[in-house]
Amino acid sequence: MLDRQVVHELQVIANFARMCQVVAGVEGWLRPTEGYALARMASVAHVPGEVVEIGSFKGLSSCWLAMGLMMGKVSGKAFAIDHFRGSPEHQPGQKFVDKDIAASGSTRAIFDATLSSKGLTGHVEAIPMASVEAAEEWRRRGARPIRLVFIDGDHSYEASAQDFALWSEFVTPGGYVAFHDVNAWEGVTRFVGELVAAKGVFKPMFAVDSIRVFQRSMA
Ligand SMILES: C[S@@+](CC[C@H](N)C(=O)[O-])C[C@H]1O[C@@H](n2cnc3c(N)ncnc32)[C@H](O)[C@@H]1O
């Protein structure tokens, strides 16, 4: 006899597999476990606020965030901030040169096509700007509180620090800041290490593969 916990576990696994199928073929570096972690965080509006990501590329993490909003029947959209010109490593001649950036200078068309083909366009709003301009725009639009910000833009130390400084101020008490590619890129890894050591208002909460999640203190 299978008890309720086992049945629940099977349903969670089936749901995870279905979500993996939705994003199959979307280019990006986010692992399925990381995507599911983002989706679960987006799915629970435990405190008021918006869901924002810095660095959307071709839409992989945006899809997971959108599926999370749908999973939790949470109203509102995920805000996808990217200038769509690629990070330094995507440029011609660099380590992870991207064919679409080399060809057209932008991943915006693919980002739009990804969300449209997955039926998720209605759950994501692109803000096609550099992080620093988008933060000014966010302030102009009313500086709405944020309950989850996923930082996956330029992974240099300086850019990671800047993205955190720009966006963490909007994060509501109890809200989350999640970083991608910790232990994969030196810059973001060093910044996240410093954030842990600082023992400030953002407390380390959990890790899933290369994602590190911090929660803003309630006080
Ligand atoms: C690693 S990719 C993001 C991957 C994406 N989260 C996914 O899951 O597929 C980094 C993205 O950050 C964007 N980016 C880099 N620097 C940025 C900046 N200063 N402002 C906005 N976007 C930036 C790049 O255009 C690129 O699309």
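Please list 3J(HN,Hα) in residue order for the stretch 35-42, calculated via the Karplus relation 6.51 cos²θ - 1.76 cosθ + 1.60 where θ = phi - 60°; whole Hz, with x for glycine and proline.
x, 5, 4, 4, 4, 5, 5, 5
Which cross-chain or sequence-distant (5 or more) residues have an amide H under 5 Å from the amide H of Phe150, H modelled 1.01 Å from N in plane?
Val52, Glu53, Ile54, Ala178
Have a look at the DSSP beta bridges in the chain and tell me what percent are antiparallel, nearest 5.
Among the beta bridges of the chain, antiparallel pairing accounts for roughly 35 percent.
What is the distance in Å between the Cα centroid of the stretch 143-213 and that of the stretch 20-89?
Taking the Cα centre of the stretch 20-89 as reference, the centre of the stretch 143-213 is 15 Å away.
When the helices in the chain are scored as -39500 (n - 2.57) per DSSP H run of 4 or longer and the sum is shared across all residues, what 222 nm value do you end up with, to the nearest 500 deg cm²/dmol?
About -13500 deg cm²/dmol.
List the relative contact order of the stretch 129-219 as a percent without decimals, with contacts defined as Cα pairs under 8 Å and 6+ residues apart.
27 percent
Between rounded, prolate and oblate, where does the chain land on the alpha carbon gyration tensor, with a ≥ b ≥ c its root eigenvalues, rounded for a/c under 1.5, else prolate if a/b exceeds b/c?
Verdict is rounded for the chain.
Listed highest first by mean packing, meaning other Cβ atoms within 10 Å per residue, what order do 202-213, 160-171, 95-106, 52-63 come in?
Highest mean packing first, the order is 52-63, 160-171, 202-213, 95-106.
Consider just the alpha-carbon atoms of the stretch 1-101 and return their Rg together with their Dmax, both in angstrom.
16.3, 59
Tabulate in residue order the Karplus-calculated ³J(HN,Hα) for the stretch 96-110, using 6.51 cos²θ - 1.76 cosθ + 1.60 with θ = phi - 60°, rounded to whole Hz; enter x for Gly and Pro.
Running phi through 6.51 cos²θ - 1.76 cosθ + 1.60 with θ = phi - 60° gives 10, 3, 10, 5, 6, 5, 4, 7, 10, x, 8, 9, 4, 5, 6 Hz.
Taking only pairs that are 8 or more places apart or on different chains, how many Lys pairs in the chain have Cα atoms under 24 angstrom apart?
Close lysine pairs found across the chain: 7.
From the backbone phi of the stretch 205-213, what are the Karplus-calculated ³J(HN,Hα) couplings (6.51 cos²θ - 1.76 cosθ + 1.60, θ = phi - 60°) in whole Hz, Gly and Pro given as x?
Values, residue by residue: 10, 7, 10, 10, 6, 8, 8, 10, 10 Hz.
I need the Debye-formula profile for the stretch 93-152: one equal scatterer per C-alpha, no solvent, reported as log10 I(q)/I(0) at q = 0.14, 0.15, 0.16 1/Å, two decimals.
-0.59, -0.67, -0.75
Would you mind checking which residues have amide H under 5 Å from Val124's amide H? H placed 1.01 Å from N; only 5 or more apart, or other chain.
Residues meeting the amide H criterion: Ala78.
Where a number appears in this text, it was derived from the coordinates with a stated rule and is not lab data. Since we're looking at a predicted model, the values are computed, not measured. Cβ sites come from the backbone with ideal geometry, for glycine too, and all protein chains shown count toward neighbours.
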